[in-house]
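The values are calculated or read from the model by the stated rules, or taken from the named source; none is laboratory data. Note that the structure is predicted; figures quoted are calculated from it, not measured. Cβ: placed from backbone, ideal geometry, glycine included. Neighbour counts: every protein chain shown. Protein only, heavy atoms only, side chains kept; ligands, DNA and RNA dropped before computing areas. Shrake-Rupley method; radii C 1.70, N 1.55, O 1.52, S 1.80 Å.
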Amino acid sequence: LRKIKPVLWETLQAFFENNLSITKTAKNIYIHRNTLIYRLGKIHKLTGLNPQKFDQALLLYIAFKIKQFQE
């Protein structure tokens, strides 16, 4: 998870805050939905976990919360 850059953590946070909605997240962070899909794909490539699948998103969410707790 250390390979994830801050912009990807911010994208992931917005994705979680918008209940895994591509459209709502893209609008919320002012990016094109294809850019969001690209970033989520990059997270998938770096972690092996697909944030668009609920069970894998849950693992990423837990990792995200642990990261926040440690800061």
Positive-end residue, the chain charge dipole about Cα centroid, Cβ charges, pick of ILE62, LEU49, ALA14:
LEU49
Please work out the Cα center distance from the range 25-56 to the range 1-16, rounded to the nearest Å.
9
What's the magnitude of the charge dipole for the chain around its Cα centre, counting Lys and Arg as +1 and Asp and Glu as -1 at the beta-carbon? Answer in Debye, nearest 20.
240
For the chain, dividing by residue count, accessible area per residue (probe 1.4 Å) in Å² works out to 71
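Using only the Cα atoms of the chain, construct the convex hull and provide its projected area averaged over every direction, in square nanometres to one decimal.
Orientation-averaged projected area of the Cα hull: 4.2 nm².
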